[in-house]
1. I'm checking my understanding of the structure. Among residues of segment 17-52 that are over 11 Å from Met1 (Cβ atoms) and of a type in the set (Gly, Ala, Ser), which one is farthest from the chain's Cα centre (by Cα)?
2. Filter segment 67-98 down to the residues that are at pLDDT 95 or above and in contact with a Ser or Thr (Cβ under 6 Å, 6 or more places away or on another chain) and list them by number.
3. For segment 61-91, which residues satisfy the criterion of being of a type in the set (Lys, Arg) and more than 16 Å from Arg37 (Cα to Cα)?
4. Can you list residue pairs whose Cβ atoms sit under 8 Å apart, with the first residue in segment 11-22 being exposed (fewer than 15 other Cβ atoms within 10 Å of the Cβ) and the second being in a loop (DSSP other than H, G, I, E, B)? Count only pairs 6 or more apart in sequence or on different chains.
5. Run Ala58 past the list (1) open to solvent by 60 Å² or more (accessible area, probe 1.4 Å); (2) closer than 23 Å to Val98 by Cβ; (3) more than 14 Å from the chain's Cα centre (by Cα) and report the number of the one that doesn't hold.
6. Report the residue count in segment 1-50 for those that are modelled with pLDDT of 95 or more and acidic (Asp, Glu).
7. Can you tell me how many residues in segment 72-97 are in contact with a Pro (Cβ under 9 Å, 6 or more places away or on another chain) and open to solvent by 90 Å² or more (accessible area, probe 1.4 Å)?
8. Give segment 38-54 a look and list any residue that's open to solvent by 60 Å² or more (accessible area, probe 1.4 Å), in contact with a strand residue (DSSP E or B) (Cβ under 7 Å, 6 or more places away or on another chain) and either in a loop (DSSP other than H, G, I, E, B) or hydrophobic (A, V, I, L, M, F, W, C) (or both), or say none.
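The values are calculated or read from the model by the stated rules, or taken from the named source; none is laboratory data. What you see is a predicted model; the values in this text were computed from it and never measured. Note that we place each Cβ from the backbone using ideal geometry, even for glycine, and neighbour counts take in every protein chain shown. Each accessible area value is taken on the protein alone, full model and side chains, heavy atoms only, with ligands, DNA and RNA left out. Shrake-Rupley method; radii C 1.70, N 1.55, O 1.52, S 1.80 Å.
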Amino acid sequence: MYNVKGSYINDKSNTKFISEMKMIGPGFTTLGNPTLRNDKLSYEVKFEQKFLKRKISAGVNFRQIQDNLINTKAATTTLTSFTYKLSLNFKKLPSLSVMVMP
C-alpha cells in the first residue's frame, strides 16, 4: 500500500490545489482496519479558488478509482466522478452553497 499526496496553497491569490494517488494492492491486509478494501488504485485532484476577499468560493474535484489491478477477476470496475461547488458568504445575507455531482 502507498499513498502520495501533494498540495499547493497560495494565500495571496486564495488558490488551493491538491492531488493524491493511492494504491492498495491485492491481498493487502492490516490489523488496524481488517475490512479495508484492497486491490484498488485511485487518483484525486482538487482545485479551489476564492474571490472577493473569500466571499465567493469555487471548486472542482476529479476522482477515479479502479480495481482488478493484476487481472485476477473476470471484470474490472472503474469509477470516475466530478464534483463542482460554489459557495457564497456575504455579510447580512444567508450563506449559499451549491454542489453538483453528475
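1. Filtering first and then ranking leaves Gly32.
2. Listed by number, the residues that qualify are Ser87, Asn89, Ser97.
3. Arg63, Lys85, Lys91, listed by residue number.
4. That search, which allows pairs on different chains as well, returns nothing.
5. Exception for Ala58: condition (1).
6. Qualifying residue count, segment 1-50: 3.
7. 2
8. Phe47, the sole residue that qualifies.
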